[in-house]
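Some notes on the structure that comes next.
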Amino acid sequence: MKKILVTGGCGYIGGHTIVDLIQNGFDVISVDDLSRGSMKMLHGIEKIVGRPVKNYKVDLCNLDDTEAIFLENPDLVGVVHFAAFKTVPESVREPLMYFKNNLNSLINILQCAEDFDVDNFVFSSSCSVYGNPKELPVAESAPFMEPESPYARTKQMGEGICRDFTFFHKDFNTILLRYFNPVGAHPSGLIGEFQDISENLVPVITRTAIGKRPEMSVFGTDYPTRDGSCIRDYIHVCDIAHAHTLALQYIIEDRNKSNCEVFNLGTGTGVTVLELINAFERVSGQKLNYKLDKRRPGDVVEVYANNNKARSVLGWGTDFNLDAMMETAWRWEQALAAHKKVAIPG
Ligand code: WQD
């Protein structure tokens, strides 16, 4: 089995990707310093795949500790790099912490990939590199606009570092995956977003529905959209995960046309905040306590993907529709509440 190193493997998208990689025949090890990730994610992964998965509790900003992982695993054929801070409001408050962590960890992992000849690399990027796109749906060829946050800027810079690195390393293959709005959880109800300090829409909805919050706000209903609320491209985390497996197979099998290719990962359909709330209420049977509030600074009005390239080149598709996204998100919130009662070790 081909062995892959997944950084940030105890995080939300990293954990779901490990499940997909293993279920598609890869051998996987994880590195996660657990500053944001959780061992509960690893336990959940092991329950789903039915085998142990090793995690190295290492800070990728420490080059010696990172190199030790590659020394111990000389049979690595690829890296999927998720490990990064990703909370937008936190990045606004702490830009230097974001630049230091997100860029140093990327530089170190690329340095190790070069030194140990691990020449298949998938980088976790984001639709936030587009800022407020001029054209919709947004294609990979769209220019980078001014990013809305330091987080988004670390993704723009991270892509640039990957491009410049592969420019002089023709035998090194990189895929940049730009996620739109990842939501939902694995259908098993065993893994999801464990430690969510974000204030993203879907976790806020499910926490309000289960009673962890008394109410929630809809940030702005006076935007130039069909119902006045912002439009996003919500995409199931399992569909995002499977794209990583397809991307690795694409470069390991040398099907790639250039050694640095980028793909949008979105459904291609824009959904407003109010439409998503209606979908959640319909699927969960829960009436949501929300109020129509003022706009949130920095919000992009409307963004959704042109995903034709991932479909035609990677053979990627989306298996989960909006109802399934809401249903699995709600199932996960209920599972978390049940875990609290039975105190899952981790
Ligand atoms: C979505 C919409 C809010 C909370 C995220 C990530 C970013 C990137 C893209 C991966 C907005 C509205 C939200 C609430 C609301 N993903 N909202 N009430 O801002 O699109 O960015 O996806 O890299 O990292 O942060 O996502 O879920 O915060 O907001 O009305 O309580 O929901 O105004 O219109 P966003 P979000």
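The values are calculated or read from the model by the stated rules, or taken from the named source; none is laboratory data. Every value quoted in this text rests on a predicted model; they were computed, and no experiment measured them. Quick reminder, even Gly has a Cβ in these numbers, built from the backbone with ideal geometry, and neighbours come from all protein chains shown.
Details
- Strands (runs of 3 or more DSSP E) contained in region 228-317 and holding at least 1 residues crowded, with 19+ Cβ neighbours inside 10 Å: 234-236, 260-265
- Taking the criterion of being closer than 20 Å to Ala243 by Cβ, in a loop (DSSP other than H, G, I, E, B) and within 7 Å of the ligand (Cβ to nearest atom), the residues of region 177-202 that qualify are Phe180, Asn200.
- Among residues of region 92-122, those that are within 21 Å of the chain's Cα centre (by Cα) and modelled with pLDDT of 95 or more, counted: 19
- Residue within region 52-62 that is in contact (Cβ under 8 Å) with a residue 40 or more places away in the chain and part of a helix (DSSP H, G or I) present: no
- Single residue of region 155-176 satisfying the filter (outside any helix (DSSP H, G or I) and in contact with a helix residue (DSSP H, G or I) (Cβ under 9 Å, 6 or more places away or on another chain)) that is surrounded by the most Cβ atoms within 10 Å (Cβ to Cβ): Thr174
- Residue among Ala83, Ala68, Ala152 that is assigned to a loop (DSSP other than H, G, I, E, B) and under 30 Å from Ile197 (Cβ atoms): Ala83
- Number of the condition not met by Gly37 [criteria: (1) touching a Gly at 6+ places or on another chain (Cβ under 6 Å); (2) modelled with pLDDT under 95; (3) part of a helix (DSSP H, G or I)]: (3)
- Per this entry, Val80 is not counted among residues that are buried (at least 21 other Cβ atoms within 10 Å of the Cβ), touching a Phe, Trp or Tyr at 6+ places or on another chain (Cβ under 6 Å) and either farther than 26 Å from Asp254 by Cα or touching a residue at least 24 places away in the same chain (Cβ under 8 Å) (or both).
- Boolean, Tyr223 is of a type outside the set (Asp, Glu) and under 24 Å from Thr318 (Cα atoms): no
- Yes/no for Phe263 being closer than 22 Å to Pro147 by Cα, in contact with a helix residue (DSSP H, G or I) (Cβ under 8 Å, 6 or more places away or on another chain) and aromatic (Phe, Trp, Tyr): yes
- Exclusive hit being under 21 Å from Leu288 (Cβ atoms), at pLDDT below 95 and not aliphatic (A, V, I, L, M), set Glu199, Glu215, Glu146: Glu199
- Pick from region 205-236, criterion within 20 Å of His16 (Cβ to Cβ) and aliphatic (A, V, I, L, M), ranking: nearest to the ligand (Cβ to nearest atom): Ile205
- With respect to (1) touching a Phe, Trp or Tyr at 6+ places or on another chain (Cβ under 7 Å); (2) closer than 19 Å to Arg153 by Cα, the lone exception for Leu96 is condition (1).
- Cβ separations smaller than 7 Å between residues 6+ apart or across chains give the following pairs from region 135-147 residues that are free of Cβ contacts under 8 Å to residues at least 40 places away in the same chain and assigned to a loop (DSSP other than H, G, I, E, B) to residues that are buried (at least 17 other Cβ atoms within 10 Å of the Cβ) and of a type in the set (S, T, N, Q): Phe144/Gln156; Pro147/Ser128; Pro147/Gln156.
- Only residues that are part of a loop (DSSP other than H, G, I, E, B) and under 14 Å from Leu76 (Cα atoms) were counted in region 1-24, giving 2.
- Filtered by the rule that a residue be surrounded by fewer than 18 Cβ atoms within 10 Å (Cβ to Cβ) and either farther than 17 Å from Val79 by Cβ or aromatic (Phe, Trp, Tyr) (or both), region 45-54 gives Glu46, Lys47, Val49, Gly50, Arg51, Pro52.
- Ser258 being within 13 Å of the ligand (Cβ to nearest atom) and of a type in the set (Gly, Ala, Ser): no
- Any chance Leu42 is modelled with pLDDT of 95 or more, buried (at least 21 other Cβ atoms within 10 Å of the Cβ) and under 20 Å from the mean Cα position of the chain (by Cα): yes
- Region 103-152, subset in contact with a Lys or Arg (Cβ under 7 Å, 6 or more places away or on another chain) and within 15 Å of the ligand (Cβ to nearest atom), residue nearest to Phe167 (Cα to Cα): Ser125
- Top-ranked residue in region 15-35 [being surrounded by fewer than 20 Cβ atoms within 10 Å (Cβ to Cβ) and within 20 Å of Ala185 (Cα to Cα); ranked as nearest to the chain's Cα centre (by Cα)]: Leu34
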